[in-house]
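Right, one structure below, let's go through it.
Bear in mind that the values in this text are calculations on the coordinates, not laboratory data. This structure is a prediction, so every number in the text was calculated from the model and none was measured. When we count neighbours, we look across all protein chains shown, and the Cβ atoms used for this are built from the backbone with ideal geometry, even at glycine.
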Amino acid sequence: MNYHKKTVKDVDVKGKKVLLRCDFNVPMAKDGSGVITDDKRIRAALPTIQYLLDQGAAVIACSHMGKPKGEVKPELSLKPVAQRLSELLGKEVIMAEDVVGPDAQAKAKALQPGQIMLLENTRFEPGETKNDPALAKAMADMAEIYVSDAFGAVHRAHASTAGVADYLPAVSGFLIQKELDFIGGALANPKRPLVAILGGSKVSSKIGVINNLLEIADTIIIGGGMAYTFSAAQGGKVGDSLLEADWMDYANDMVKKAQEKGVKLLLPVDTVCGDKFAPDANIQIVKTGEIPDGWEGLDIGPETVKLYCDAVKDAGTVIWNGPMGVFEFPAFAKGTEAVAEALSKTEAITIIGGGDSAAAVQQLGYADKMTHISTGGGASLEFMEGKELPGVACLLDA
């Protein structure tokens, strides 16, 4: 995949109408009050929006929220987003009542340079997730340039993330450019040694990533629930730990492949076990492969923590995706905390691949010590797998 794409700075937007795809899929209060509980994604869009407005563009922003499945669901309206965005920008954000209906079209037509409007939830349109060309064309017809800045959605070929690029010149915003620079750079031309830390519960969901990283990385570190599949595959006892028995052969293949390629593959040497999956479980620390029946591994042990933290000390680049244990329970968060702390101290370029690892780093207060925290969990995983991302592939090459 070509990571070198044209950005907003490569096109003249003065006096032009710009369709800007953002990721405003923000968490909302469960009580239906329309209160946004975390506006991080709205704030992340500000640099691109502000740049476009300063350059004299008329901005038509759009985004999805939740999964309304092509139906209009008032509780998933973007109205609260328009309100928060206008507070952050210090100027009115004109809200359209629909996506490509009469209200959106009229407001887009009347939009002046330096003004911004927001279309209603793109997924209220049944054609959005089907990448319906008629919907993509109707959205494109409102504007003259398309800017994609929703990294969290670029792995999906939807009308507003990929389809519109068939009808408009398409470039990236600053958020996507940053993702392409950091993750793309780490995969294409990393500062070495490149250390990849992979956690999370399932081997099956990380297969493509491990496979791709075996071609690129110097060291791969395995933690989280998926480590027990590796342990069982090597004849270890894993008690009641998470285990994907169907993937044991695959785990052994990976170990063999790493040896052949000269990639260091680090697996846990000890485990923190609990006698139940609960924050108040009784705890014991055992050697890997010696988990007693009735107990389950819930975090990496202290020896493993030392081993993993040493491995990142002299790294040139570290990519981290997935926690080391059940970090929601304080008793089993120590492995994840130690890795986050080690990354905050290393001189390496540190890239956190969205999802739970990003949440952990933020929760633990290390976010500002990382070089880059990806805004897209699924997208960054597919990126690391070396898959083509439809919402990036559709942009003009630099």
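Among LEU119, LEU381, LEU343, sorting on how many other beta-carbon atoms sit within 10 Å of each Cβ, with the fewest leading, yields LEU381, LEU343, LEU119.
Charge tally around PRO330: other residues with Cβ under 11 Å, Lys/Arg +1 each, Asp/Glu -1 each, net -3. Basic side chains Lys and Arg get +1 at the Cβ, acidic Asp and Glu get -1 at the Cβ, and with that the dipole of the chain about its Cα centre reaches some 860 debye. Residue order for LEU213, LEU194, fewest other beta carbons within 10 angstrom first, comes to LEU194, LEU213. The stretch 227-242 and the stretch 67-92 have their alpha-carbon centroids 46 Å apart. Expressed as a whole percent, the proportion of Cα-Cα pairs in the stretch 230-338 lying more than 19 Å apart is 49%.
GLY208 sits among other residues whose Cβ lies under 10 Å from its own Cβ, and their net charge, with Lys and Arg +1 and Asp and Glu -1, is 0.
Mind checking which of GLY378, TYR308, PRO390 is farthest towards the positive end of the stretch 234-390's charge dipole, using Cβ charges of +1 (Lys, Arg) and -1 (Asp, Glu) about the Cα centre? So the residue furthest toward the plus end is TYR308. Here, the stretch 303-355 is characterised by an Rg to Rh ratio of 0.96, where Rg is the alpha-carbon radius of gyration and Rh the Kirkwood radius. With K and R counted +1 and D and E -1, the other residues having a Cβ less than 14 Å from that of ALA251 yield a net charge of 0.
In this structure the amide hydrogen of GLY34, modeled in the peptide plane, comes within under 5 Å of the amide hydrogens of ALA29, none closer than 5 places in sequence on its chain. For the residues SER374, SER205, SER148, a GNM of the chain with alpha-carbon springs under 10 Å puts the largest fluctuation on SER205. Note: the stretch 184-258, Cα convex hull, 81 Å³ per residue.
Taking 0.36 nm per residue of separation and subtracting the current Cα-Cα distance, fully stretching the chain between SER205 and ALA393 would add 65.4 nm. Among ASP181, ASP280, the order by Cβ neighbours within 10 angstrom, fewest to most, reads ASP280, ASP181.
Express the relative contact order of the stretch 266-333 as a whole percentage, based on alpha carbon pairs under 8 Å and six or more residues apart in sequence.
Values: 96 pairs, mean separation 23.0, N = 68.
Over the stretch 266-333, the number comes to 34 percent.
Taking the charge dipole of the chain about its Cα centre, with +1 at Lys and Arg Cβ atoms and -1 at Asp and Glu Cβ atoms, the residue from GLY56, ILE216, PRO102 reaching farthest to the positive side is GLY56. The string of couplings for the stretch 296-301 from the Karplus curve (6.51, -1.76, 1.60, θ = phi - 60°) is 9, x, 10, 6, 6, x Hz, one whole number per residue in order, with x for Gly and Pro. Per residue, the average separation of C-alpha pairs within less than 8 Å and at least 6 apart gives the stretch 335-398 a relative contact order of 30 percent. Near the amide H of ILE94, within less than 5 Å, lie the amide hydrogens of ILE116, MET117, LEU118, all on another chain or at least 5 residues away, with H placed in the peptide plane.
By DSSP, the beta bridges lying fully in the chain are antiparallel in about 20 percent of cases. Calculated from the alpha-carbon coordinates, the stretch 40-164 shows an Rg and a Dmax of 13.4, 36 Å respectively.
For the stretch 1-49, the convex hull drawn through the C-alpha positions has a volume of 132 cubic angstrom per residue. Using R0 = 30 Å, the C-beta based FRET efficiency linking ASN189 and SER33 works out to 0.05.
Over all pairs of different C-alpha atoms in the stretch 321-398, the reciprocal of the mean inverse distance, the Kirkwood hydrodynamic radius, equals 13.5 Å. Taking every alpha-carbon pair under 8 Å whose residues sit at least 6 apart, the stretch 257-374 reaches a relative contact order of 21 percent. In the stretch 62-206, a dipole from Cβ-located charges (positive for Lys and Arg, negative for Asp and Glu) runs towards its positive end, and of LEU85, PHE151, TYR167 it is PHE151 whose Cα lies farthest in that direction. Distance from the C-alpha centroid of the stretch 268-306 to that of the stretch 1-59: 44 Å, rounded to the whole angstrom.
In order along the stretch 62-74, the Karplus-derived 3J(HN,Hα) couplings, from 6.51 cos²θ - 1.76 cosθ + 1.60 at θ = phi - 60°, round to 8, 6, 9, 8, x, 10, x, 6, x, 10, 7, 10, x Hz, and Gly and Pro are given as x. Close amide-amide hydrogen proximity is noted between PHE24 and HIS64, each under 5 Å apart and 5 or more residues distant or on a separate chain (H modeled in the peptide plane; Pro and chain starts excluded).
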